[in-house]
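One structure is given here, and the rest of the page talks about it.
The values are calculated or read from the model by the stated rules, or taken from the named source; none is laboratory data. As the structure is a computational prediction, the values presented were derived from the model and not from experiment. No Cβ is skipped: glycine too gets one built from the backbone with ideal geometry, and neighbour counts run over all protein chains shown. These accessible areas exclude ligands, DNA and RNA; they are computed on the full protein's heavy atoms, side chains included. Shrake-Rupley method; radii C 1.70, N 1.55, O 1.52, S 1.80 Å.
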Amino acid sequence: MIDWPAFVTVVVASLVAACGVVTVFSLALRLGDGEAAWRRPVSYALYGVCVLIVALGIYLIVPAFH
Amino acid sequence: MDLTLLVVLVIGLALLFDFTNGFHDTANAMATPIATGALKPRVAVGIAAILNLVGAFLSTEVARTISGGLIREGDGGVQITPVLILAGLIGAIVWNLLTWLLGLPSSSSHALFGGLIGAAIVGFGFGAIDGGVLVSKILIPAVLAPVTAMGISFLATKVAYALVRKGQRDGFKRGQIFTSSLVSLAHGTNDAQKTMGVITLTLIAAGFLDTDAHPPFWVIAACALAIAAGTYAGGWRIIKTLGKDLTSDIEPAQGFAAEASTTATILSSSYLGFALSTTQVASGSVIGTGLGRKGAKVKWGTAGKIAIGWLITIPAAGTLAALAALLAKVEPWGVWVDVVVALLVIGGIYLWSRRNRVSHRTFHQPQPGQFVKPKKKPKKAKKPKKPKKPKKSHKPQKPKHKNKNKKKG
């Protein structure tokens, strides 16, 4: 009656997505200020990843893209 | 009663329901950014309204059944008449307004399903209801949704606090705007579609549209505008419950973690085929983030009230709709009495709500809408080596710091 495999997939996917996006954004914030020269570019790259994740979200939301 | 007039009444009530759906669900997306001060209250509801409007136009899939399989509709089942839809809508609207008055974030879809079930039971008896679908699509997910979201949000909050130092955490406000916007957009594509389905199926049942017809443009536009207007009106009571009363002092990092969890859970649930209610997911996320930060308190009394609200949404909306459906059976004037009583009740609830108003002014924000700049840490001895632009003001400060450190050492 309940589609348990689907539910488990949803839980795992949500967990990975939510923790993933929080990790990426947090690291971007963390590396945003600091002394080492490499930190800024890496921070911007991570913000870029966040933008891609938002784009993926919009892709998933808008039915016309499927 | 004249069929055309009846259809007009149903459309009017459906749009009214769409409006209540909008303001009931603003909180799902915008409660946490308002609570943390990431967005000014009016700006937040404005963004949510626009995204709901856009979302409503983007959704192309039309509901084929009014009740999502809860009522045995169509071939071999019952034919839900416009009168029953009208009664169901009255039950759903009144229940949505009552829960709003109490500040309870309850699912508008459940209210609609409950209303239709109540009306269908009066029309056709209990046999019209598919109990299996009720359990597997409504009751069990109602437990799974908040629990899942709570766990995910708890972990996401832990991650955010582990990775980001205190002074940088206001940066999460920027992230909150995006996660909340995604929730709003998803809401627009999902929820406006339900009302479009109700109106389209009513028009089909009345013979104004062919079977399998797509909703006409005016239906899409009207539903989009109704849900956007409702969203802009802002169910401030529910925003207050979700943003302030459920978990004390939500911080930007928590808000971001909670909204990210809500977005991830809703999107994956709708694309991996296990539907979960947005309202329940959002409430679970807020509780989870309260558990995830040391020093934050979850108010379990409020959580309990919300849970009771979820539990009785379907029976309560069903009972209200059943009463309306019974009254509607009285032939010449029943439907009119229904509509008049419903409007009186709606007006009464509105007047009652004015006794203690909750509006955007309720949300005190020390610096509304502005990103609070992270506090600068005291400069370390190394830092002054770096700056390329030689500033005069910097140089005299250097020795001061060093001296201080030396004295302490």
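Summary table
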read-out: Residues being more than 18 Å from the chain's Cα centre (by Cα) and hydroxyl-bearing (Ser, Thr, Tyr) - total across the range B:173-213; value: 3
read-out: Tabulated pairs, the range B:145-160, first closer than 9 Å to B:Ser285 by Cβ, second modelled with pLDDT under 95 and of a type in the set (Phe, Trp, Tyr), C-beta under 9 angstrom, 6+ apart or interchain; value: B:Pro146/B:Trp310; B:Ala156/B:Phe256
read-out: Only listed residue being outside any helix (DSSP H, G or I) and either surrounded by fewer than 24 Cβ atoms within 10 Å (Cβ to Cβ) or at pLDDT below 95 (or both), chosen from B:Gly69, B:Gly88, B:Gly12, B:Gly55; value: B:Gly69
read-out: Flag if B:Gly127 is open to solvent by 50 Å² or more (accessible area, probe 1.4 Å) and part of a helix (DSSP H, G or I); value: yes
read-out: Meets criteria (more than 11 Å from chain A (Cβ to nearest Cβ) and free of Cβ contacts under 8 Å to residues at least 12 places away in the same chain) for B:Gly125; value: yes
read-out: Test result for B:Ala275, part of a helix (DSSP H, G or I) and not polar (S, T, N, Q); value: no
read-out: Options A:Val16, A:Val51, A:Val11, A:Val62: the member that is at pLDDT 90 or above and either at the interface with another protein chain (Cβ under 7 Å from one of its Cβ atoms) or touching a Leu at 6+ places or on another chain (Cβ under 7 Å) (or both); value: A:Val11
read-out: Yes/no for B:Leu272 being at the interface with chain A (Cβ under 9 Å from one of its Cβ atoms) and open to solvent by 10 Å² or more (accessible area, probe 1.4 Å); value: yes
read-out: Per-region count, the range B:281-311, residues out of contact with any His (no Cβ under 9 Å at 6 or more places or on another chain), surrounded by 19 or more Cβ atoms within 10 Å (Cβ to Cβ) and closer than 25 Å to B:Asn190 by Cα; value: 10
read-out: Residue match in the range A:28-41 (condition: free of Cβ contacts under 8 Å to residues at least 60 places away in the same chain, crowded, with 19+ Cβ neighbours inside 10 Å and at the interface with chain B (Cβ under 9 Å from one of its Cβ atoms)); value: yes
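For (1) among the small types (Gly, Ala, Ser); (2) over 23 Å from B:Val135 (Cβ atoms), each residue gets a yes or a no:
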| residue | (1), (2) |
| --- | --- |
| B:Arg72 | no, no |
| B:Val78 | no, no |
| B:Ala87 | yes, yes |
| B:Ile90 | no, yes |
| B:Ile93 | no, yes |
| B:Leu98 | no, yes |
| B:Ser107 | yes, no |
| B:His110 | no, no |
| B:Phe113 | no, no |
